[in-house]
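What follows is calculated from the coordinates using simple rules that are stated; it is not laboratory data. The shown structure was predicted, so the numbers you read here are calculated from the model rather than taken from an experiment. Here Cβ is always computed from backbone atoms with ideal geometry, including for glycine, and neighbour counts include all displayed protein chains.
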Amino acid sequence: MANYNLLLLPGDGIGPEIMRETRRIIDWFNAQGGAHFEIEEDLVGGASYDAHKSPATDAMMDRALAADAVLFGAVGGDKWADVPYEARPEAGLLRLRKDLELFANLRPAVCYPALAAASSLKPELVEGLDIMIVRELTGGVYFGEPKEITGTGNEKRAVDTQVYDTHEIERIARVAFDLAQKRGNRVHSSEKHNVMATGILWKEVVTRIHDEEFSGVELQHILADNCAMQLVRNPKQFDVIVTDNLFGDILSDVAAMLTGSLGMLASASLGAAGSDGKMKAMYEPVHGSAPDIAGKGKANPIAMIDSFGMCLRYSFNRGAEADLLQKAITNVLEKGLRTADIMQAGLQQVSTGEMGDAILAELDNLSA
Ligand code: IPM
Ligand code: MG
């Protein structure tokens, strides 16, 4: 039987409660006997800072590097507003992305039919929506140097650096084109070549990779501001969108909200295959730690559970199990069960744990 090592990093805010439900789902798959998932758990973000004065300890990083995949909850909260910048909870997440070299962030925005009415856009604009945002995750303005505030008093200067090398753009472009071939065969590449040097290089490199290796895929270039506007105007025109780290951060929140709730969306952060043929990977919900509702049983665990689904699909090539999990989630939504974030009049509001119960019961049904 296949054996996989998973490192669970629940993190802060609602992280622990949505991870708890995901763990029950993993246990369910273990009980089925198709594969065995060995689970370890560790601290990250503010929780790790409280215990170790670091948002990502070396010991945790070693476990993450050794794991077959990492499941990440969420980090951050006002509680850590005053910790040093390098030790803020988000720095833990960024260290994981950087040290595991997770350069490709896949953020699918899929509208479950049952949730079309929960979108802030008209249902006909989002029904059947299925976009894949491919965000570059280890470069750009997030990591570029210098990154500093200099000067004193009333006249300081802050600098962030947006930097991309050719090879960073080449590899993310290949991921996007490759995915497009398995979907709608269309890629929009989004940057701002009208004001940014990185945009000029981005456009040039994406065009070359397209022409040399993926000329069968339809490629369009779109300025990032126009892309944001088009996402809200007519989102179904998109299939795959490939973009840099910062634009990807913003465009993926827009795309996510189209689907009804941030609480629904999973993501995969993938690295290159190592010499052992294994690909480093981390899976996390797109939503954050939502400290305002933490511990109240209000959080929607679906994005976290679906992140495990993406892990089954992308890390372990277990598409049938991923489909089963997806189907269980769809059925629970069809039955009218809703956590607070996606609640609509006349439907049944459930807690985080009850949503977990319902998905488990549905998994039982489907596999009976
Ligand atoms: C995301 C988040 C992170 C980011 C934060 C928490 C650092 O917004 O994953 O989209 O900006 O990348
Ligand atoms: Mg974000």
Sequence ranges 111-120, 255-264, 28-37, ranked by mean other-Cβ count within 10 angstrom, highest first: 255-264, 111-120, 28-37
At q = 0.11, 0.21, 0.22 Å⁻¹, what log₁₀ I(q)/I(0) does segment 130-258 have when each alpha carbon counts as one equal point scatterer in the Debye sum? -0.39, -1.20, -1.29
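By DSSP, what percent of the beta bridges with both residues in segment 130-258 are antiparallel, rounded to the nearest 5? Please list the in-between numbers first.
Working: 6 of 20 bridges.
Bridges in segment 130-258 that DSSP calls antiparallel: roughly 30 percent.
Counting only DSSP beta bridges with both residues in the chain, what percent are antiparallel, rounded to the nearest 5? Please report the intermediate quantities before stating the final value.
On the way: 22 of 52 bridges.
Of all bridge pairs located within the chain, approximately 40 percent are antiparallel.
If we count every other residue with Cβ under 12 angstrom of Gln32's Cβ, Lys/Arg +1 and Asp/Glu -1, where does the sum land? Present the calculation step by step, with values, prior to reporting the outcome.
Values: positive: Arg318; negative: Asp27, Glu321, Asp364.
Around Gln32, the charge tally is -2.
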How large is the dipole of segment 130-258 about the Cα centre if only Lys and Arg carry +1 and Asp and Glu carry -1, each at its Cβ, rounded to the nearest 20 debye? 340
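Can you give the extra length, in nm with one decimal, that the chain gains between Ser351 and Glu40 once fully stretched, where that is 0.36 nm per residue apart less the Cα-Cα distance? Mind showing how you got there, number by number?
Working: separation 311, 0.36 × 311 = 111.96 nm, distance 2.58 nm.
Once the chain is fully extended between Ser351 and Glu40, it gains 109.4 nm.
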In range of the label at Ile200: residues from segment 216-255 whose backbone nitrogen is under 11 Å from the point 7 Å along Cα→Cβ: none
Under a point-charge model restricted to the Cβ atoms of Lys and Arg (+1) and Asp and Glu (-1), what is the dipole moment magnitude of the chain relative to its Cα centre, in debye to the nearest 20? 540
